[in-house]
Every structure is written in structure tokens, then in C-alpha cells.
Amino acid sequence: MIVLDGVSKVYHGADGEVRALDDVSLTVAPGEFVAVRGPSGCGKSTLLLTVGGMVRPTAGTMSIDGSDLYALGPARRARLRAERIGFVFQLFHLIPYLNALDNVLAPALAGMHSDRSEAAALLERLGMGERMHHRPPELSTGERQRVALARALIKRPEIILADEPTGNLDPENAAAVTGYLADFHRDGGTILVVSHDDLAAENADRTLHLERGRVV
Amino acid sequence: MGNGGPMLLLRMMLAEIVHRKGNFLSALIAVTTAAAICVGVITVCDASRRETVRLMRDMGFNLLIVPEGTDMTDFWSRSFAEGEMPEEYVRRLADSGLMTVQHLVARLQKRITWQGRDVLLTGILPEMQMTGGPVKAPMGLDIPRGSAYLGRRVADSAGLGVGDEIELLGRRLRVATVLEEQGSIDDIRVYAHLHDVQEMLDRPGRINEIEALQCLCGSKQSLGSIRDDVRSVLPGVEVTEMRSIAIARAETRRMVERFNGVLVPAVVLMATIWVGLAAMRNVNDRRVEIGVLRALGVASQPIAALFLAKMMLIGLIGAVVGWAVGTALAVHYGTAIFPITAKGIAPIYALLGWAAVGAALLCLVASWLPAMSAVMQDPAEVLSEE
């Protein structure tokens with residue numbers, strides 16, 4: 001279970017103080033699919049990165065299954081992220097010089113079990129069987145997002161945090177990626193997805209609205 | 001790292017090198033240049049050092065130890081010291097452990113008239129090397145008992161050749177060698193074993209000079225310090241230096257070494273900065289990649305290893321290429337810069353190992369801060385920017 005309790009995040013920039021999250025309290029149950037919507041700059045990405053253990057809140061606590069993420073040291077937090085959380089980004093963030101198969105295997109660097117045949121089977125399942133030896137610049141945006149999704153799924157995480165996973169995709173690919181996320185959810189996975197489009201919201205158990213860093 | 005992690009790390013390193021060739025080549029050129037300059041300079045200097053030692057040997061002894069009270073004005077007019085000292089002095093000096101002198105030869109000389117000719121009778125003891133020091137090829141003459149070596153003028157004027165017998169101060173000696181013309185007082189010398197000459201002159205256990213070679217192995221020794229060293233073992237003796245072209249050359253070599261003492265560190269420093277900047281640019285180019293790896297839960301060590309292993313590889317390749325280039329340049333152009341060392345310039349294979357270790361260390365040091373900055377980078381900041 002993911003629990004945010006009174007979480008605030010304040011950035012201090014050249015233009016002064018920016019309150020990205022403002023006293024957010026939220027619980028996501030195991031196996032729940034939660035969509036987060038809101039205008040640009042409302043704090044959606046900060047929320048995801050905070051849940052993923054990558055942005056330390058200015059105030060409040062964030063815990064997974066009762067373990068306060070930010071009370072852990074950086075190494076244990078990284079370990080927890082490697083073992084339990086998969087990230088999917090709007091811009092895919094694939095490693096440009098590795099082919100699709102090696103991109104999917106990248107979590108092996110974090111000590112996760114990795115098997116080339118398993119990675120290949122996963123790419124096959126996501127319709128990438130013919131393209132697994134191509135590097136990201138040789139892939140379409142839809143294909144890149146599928147590779148990114150495979151990279152998140154290969155370590156069999158309990159939680160997927162997706163930041164606008166369909167934001168750069170055409171409707172067909174957006175539907176396919178949303179479908180894969182829905183499959184993960186059906187298999188018992190927890191999803192927190194930030195998305196502007198309606199597809200995610202349609203598949204989600206519930207939708208949260210974020211405005212100026214607050215859940216409304 | 002999980003199974004397949006190290007192999008993936010290796011694939012990532014190689015694929016990244018191919019992907020960012022410019023960055024790789026930039027760092028490689030820096031390391032290769034530094035290694036080539038260092039190897040080239042050391043190769044030429046080593047040849048120069050060996051050649052100087054050879055020249056010094058060829059020029060003969062350059063230190064003279066004569067008895068206390070010797071008037072050097074008389075010495076130079078006579079070409080030998082009038083006074084005497086115990087033969088045992090040469091053994092004492094050899095056993096002294098001094099590092100500043102080597103190749104000790106005891107001599108006893110006397111100007112005599114033989115068959116109406118003015119000759120310089122010279123008794124020589126075979127060279128004595130410093131006890132406990134490295135064994136070196138002997139210098140000077142090694143004359144067997146009962147034999148004589150004749151200076152060219154003495155032999156020609158007396159009509160003597162190898163195999164002839166001569167009688168000198170009541171003693172019969174066989175002419176073993178007639179020396180090449182020297183154009184010096186050596187042409188009127190009759191050389192024999194020291195102990196034969198001591199008997200002929202009735203001066204048992206006496207000598208009147210010790211010739212020696214100033215050691216070039218350490219830092220430059222002034223005559224004053226050598227004199228003090230020798231006098232600490234043989235109190236009262238006079239020590240004089242016979243300056244020669246070889247010593248002038250040794251000084252030139254020291255000047256070159258001083259210059260290299262500045263050049264080599266400067267080159268290494270510049271290469272370190274260059275490699276460091278290339279590593280920093282590489283870290284900047286890979287900020288997103290590092291951020292993603294951190295998001296995947298990759299710990300600091302594999303991320304640092306990605307950078308450090310690449311730089312080590314650059315160091316090793318740069319060392320091998322630099323050694324080959326530096327050696328080729330030294331062999332090819334070194335002869336033009338140092339004509340006298342031409343024969344001595346040859347590849348030094350041991351430098352390959354040193355270059356590999358040095359270049360790898362240079363790359364490691366240069367890329368350490370960039371690698372640490374990669375590890376310390378805030379992934380959220382990068383991913384949010386994107």
C-alpha cells in the first residue's frame with residue numbers, strides 16, 4: 001500500500017519559491033489503478049517521483065507497505081525501487097546506443113534477475129519481436145514506448161509509475177500501451193499513472209485531480 | 001549486479017564508445033600524446049645516459065688522487081706526482097662504500113733514462129672495483145707480471161715489437177703490446193705490472209697516484225663533495241678533476257634532464273586536464289541516461305564503473321599506441337636531435353608496462369571527479385527537466 005501523509009514539496013528557484021506539492025495525503029491500495037490528472041505544472045510529475053523515492057518531500061511522509069521511503073538510506077531506497085517499482089516516462093528515456101533488447105535488460109545493472117530469452121519473450125508479447133535488435137533512433141515513438149514498458153515490466157514490479165505514457169503516441173499506440181497497463185493491473189499490479197488523455201482514466205479504478213499541488 | 005550485469009556493463013561501455021566516437025577519440029588523443037611524449041623523452045634520455053657513460057669510459061679516468069702535499073704545478077709539469085702513498089690506500093678506498101668514485105687504478109711512476117732515452121716507467125695494478133657495488137667492465141690496462149706494454153714512440157725508437165724481450169733496471173720483461181700512438185706523454189711510457197715496477201724501483205707497497213672515474217649515477221656531485229668523500233677515507237690526499245668533453249656532455253645531459261623534469265609533468269598535467277574535461281563532457285552528455293539508471297534502482301557503483309572502466313580502457317589503448325608512437329619518434333627523430341646518442345636509441349619494452357600503469361592511473365584520476373559528479377547527480381532534476 002502506498003501512503004502519502006501531508007506531503008509537500010517546495011522548490012526554490014530563481015523566480016522564488018514554487019510549491020509543487022501542497023499537503024497531499026493519498027492512499028493507493030495494492031492492485032489499485034489510479035489515474036492522476038491536472039493542468040501542466042500542477043505537480044503531477046513531482047508526485048510520481050516522490051512516490052518513486054526520487055524526490056524527497058519538504059514535509060510529510062511517504063511510505064510503501066508501512067516502510068517510510070525517505071527514512072531509508074539512498075542505497076536501500078534504490079534497492080526498493082529496483083525490486084518493487086517500474087517507471088514509464090513520457091519521453092521513454094531509452095538508452096540511445098543500446099538496442100531494444102539490451103534496453104529491456106538494463107535493470108540487470110541494478111542487480112535484478114535478467115534473462116535474454118525472457119526479455120525477448122516480453123518484447124514479442126508487446127509486438128516488438130521483429131524490432132528487438134534495433135536501437136531507439138531506429139524505432140517509432142510507439143515502439144519506443146513499448147520497449148520502455150517492457151523495461152519496467154521485466155523485473156516484475158508490484159508498482160508501475162507512469163508519467164504521461166501515452167502523451168507522445170498516436171491513438172492506436174496509446175490504446176495499445178494503455179491496454180498493456182490494464183493487463184498489468186488485471187494481474188494484480190498497482191498503477192499510478194499521470195495522464196492527460198481519457199484512456200487512462202477510463203481504465204483506472206479512480207481518478208485524482210491535482211491543482212496547484214493539491215488534490216481537489 | 002544481477003546475472004548478466006557485468007556483460008551488459010561491458011556491452012554498454014563498448015556501444016557508448018561507438019555512439020560517442022568524438023568524446024572517446026578526444027580523450028584517447030590526449031592520453032596517446034602524453035604517453036608518446038613521455039616514452040619518447042625517456043627513450044632518448046636513457047640512450048643519452050648510456051652514451052654519456054660510454055663516452056666517459058672512452059675518455060678514460062677523470063679523477064686523480066695523489067699524496068698529501070703534492071704540488072699540482074709540479075705534477076702537471078712532470079705528469080706524475082713526486083710523493084708516494086701506501087698501495088693499501090686503493091684497497092681502503094674500494095672497501096669504503098663510497099658512491100662517488102669507481103674504477104680504481106693504482107699507479108707508481110718514475111721518469112728514467114733507458115738506452116739513452118727518456119722514458120716514463122709506469123707500474124699499473126689491475127683495476128679494483130668498489131666492494132659490494134655492481135660489477136662493471138674493467139677500465140685501464142691489465143698487465144700480466146713479467147710483461148711490458150710500450151708506448152709507440154719508445155717502441156719505434158728502440159726498434160721493438162711484440163714478443164721482444166727487454167731489460168729494464170735489471171729485470172727482463174717481454175713486450176706484450178705496442179700501444180697505438182696517442183700524441184701525448186703516453187707515447188714515451190713503458191708500462192708494467194705495479195708489483196714489477198715496485199721491485200724495479202725498490203719501492204715495495206708504494207704508489208704515487210690512484211686514478212678513478214667520477215660516478216654519474218647519482219645527482220651531480222661537485223668536486224668539493226667528492227674531495228670531502230675521498231678525504232674521509234684517505235685523510236690528507238689531494239683530489240683533482242680532469243675535466244673532459246665527457247663531463248661537459250654529462251652536464252648537457254643533466255640540463256636536458258632538468259628540462260624534461262618540467263616537460264614531462266607539464267604534459268601529464270595537461271593530459272589529465274584534457275581527459276578530465278572529456279570525462280566531464282561525457283557525464284553531461286549522459287545526464288538523462290544516468291537519471292534513468294537511477295530511476296531503475298541502479299546503485300552508485302555500476303554507474304561510476306561505467307565511466308571509470310571506459311576511461312581505464314582509454315588509458316590502456318592510449319598507453320600502447322603512445323608507446324609505439326613515442327618509441328618510433330625517438331628512434332626516427334632522436335638521432336637528429338641527439339646525434340651522439342644515435343646508436344643507443346632503442347625501444348625500451350619495460351616502458352610499455354609503465355606507460356600502461358601510468359596512463360590508466362592518469363585516466364582514473366582525471367575521470368574520478370566527473371564519475372563522482374555522475375553518481376551524485378539528482379535524477380529527479382534531470383528527468384523533470386526533460
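Search the stretch A:70-86 for residues being of a type in the set (A, V, I, L, M) and surrounded by fewer than 22 Cβ atoms within 10 Å (Cβ to Cβ), and hand back the single one that is nearest to A:Val24 (Cα to Cα).
Across the stretch A:70-86, the extreme among qualifying residues is A:Ala71.
So is B:Ala328 within 14 Å of chain A (Cβ to nearest Cβ), farther than 30 Å from A:Gly43 by Cα, at pLDDT 90 or above and surrounded by fewer than 21 Cβ atoms within 10 Å (Cβ to Cβ) or not?
When the stated conditions are applied, B:Ala328 does not pass them.
Tally up the residues in the stretch B:270-290 that are in contact (Cβ under 8 Å) with a residue 24 or more places away in the chain and within 14 Å of chain A (Cβ to nearest Cβ), please.
The total comes to 6.
Please work out which residue is farthest from the other protein chains (Cβ to nearest Cβ), limiting yourself to the stretch A:74-127 and to residues that are within 11 Å of A:Ile154 (Cα to Cα) and assigned to a loop (DSSP other than H, G, I, E, B).
This residue is A:Asp115.
Can you tell me which of (1) surrounded by 24 or more Cβ atoms within 10 Å (Cβ to Cβ); (2) without any contact (Cβ under 8 Å) to a residue 60 or more places away in the chain is the one B:Leu383 doesn't meet?
Of (1) surrounded by 24 or more Cβ atoms within 10 Å (Cβ to Cβ); (2) without any contact (Cβ under 8 Å) to a residue 60 or more places away in the chain, only one is false for B:Leu383: (2).
Considering only the stretch B:291-325, how many residues are among the small types (Gly, Ala, Ser) and within 14 Å of another protein chain (Cβ to nearest Cβ)?
Of the residues in the stretch B:291-325, 8 are among the small types (Gly, Ala, Ser) and within 14 Å of another protein chain (Cβ to nearest Cβ).
Just to be sure, is A:Gly60 away from chain B (no Cβ under 11 Å), assigned to a loop (DSSP other than H, G, I, E, B), surrounded by fewer than 19 Cβ atoms within 10 Å (Cβ to Cβ) and touching a residue at least 40 places away in the same chain (Cβ under 8 Å)?
For A:Gly60, the condition - away from chain B (no Cβ under 11 Å), assigned to a loop (DSSP other than H, G, I, E, B), surrounded by fewer than 19 Cβ atoms within 10 Å (Cβ to Cβ) and touching a residue at least 40 places away in the same chain (Cβ under 8 Å) - is not met.
Here's the yes/no breakdown for (1) hydroxyl-bearing (Ser, Thr, Tyr); (2) assigned by TED's automatic domain parsing to the domain that holds B:Thr272; (3) under 15 Å from B:Ala356 (Cα atoms):
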| residue | (1), (2), (3) |
| --- | --- |
| B:Leu10 | no, yes, no |
| B:Leu14 | no, yes, no |
| B:Ile17 | no, yes, no |
| B:Arg20 | no, yes, no |
| B:Leu28 | no, yes, yes |
| B:Thr33 | yes, yes, yes |
| B:Val39 | no, yes, yes |
| B:Val44 | no, yes, no |
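When you scan the stretch B:347-361, do you find a residue that is under 30 Å from A:Ala110 (Cβ atoms), surrounded by 17 or more Cβ atoms within 10 Å (Cβ to Cβ) and aliphatic (A, V, I, L, M), even just one?
Checked the stretch B:347-361: at least one residue is under 30 Å from A:Ala110 (Cβ atoms), surrounded by 17 or more Cβ atoms within 10 Å (Cβ to Cβ) and aliphatic (A, V, I, L, M).
Output yes when any residue across the stretch A:25-44 is more than 16 Å from the chain's Cα centre (by Cα), at the interface with chain B (Cβ under 8 Å from one of its Cβ atoms) and not aliphatic (A, V, I, L, M), and no when none is.
So far as the stretch A:25-44 goes, no, none of its residues is more than 16 Å from the chain's Cα centre (by Cα), at the interface with chain B (Cβ under 8 Å from one of its Cβ atoms) and not aliphatic (A, V, I, L, M).
Restricting the stretch A:128-143 to residues that are assigned to a helix (DSSP H, G or I), closer than 27 Å to A:His196 by Cβ and open to solvent by 20 Å² or more (accessible area, probe 1.4 Å), which is farthest from the other protein chains (Cβ to nearest Cβ)?
A:Glu143
If I go through the stretch B:291-321 residue by residue, how many of them are among the small types (Gly, Ala, Ser), in contact (Cβ under 8 Å) with a residue 60 or more places away in the chain and under 30 Å from A:Leu80 (Cβ atoms)?
Counting residues in the stretch B:291-321 that are among the small types (Gly, Ala, Ser), in contact (Cβ under 8 Å) with a residue 60 or more places away in the chain and under 30 Å from A:Leu80 (Cβ atoms) gives 6.
How many residues does the stretch B:199-211 hold that are open to solvent by less than 10 Å² (accessible area, probe 1.4 Å), touching a Pro at 6+ places or on another chain (Cβ under 9 Å) and not in a loop (DSSP other than H, G, I, E, B)?
Total meeting the criteria: 2.
Among the residues of the stretch A:193-216, which ones are over 17 Å from A:Pro171 (Cβ atoms), under 16 Å from the mean Cα position of the chain (by Cα) and not in a strand (DSSP E or B)?
A:Ala204
The values are calculated or read from the model by the stated rules, or taken from the named source; none is laboratory data. Just so you know, these numbers come straight off a predicted model, no measurement behind them. A quick note on method: Cβ atoms are made from the backbone with ideal geometry, for glycine too, and the neighbour counts reach across all protein chains shown. Note: accessible area is taken over every heavy atom of the protein model, side chains too, but ligands, DNA and RNA are not part of it. Shrake-Rupley method; radii C 1.70, N 1.55, O 1.52, S 1.80 Å.
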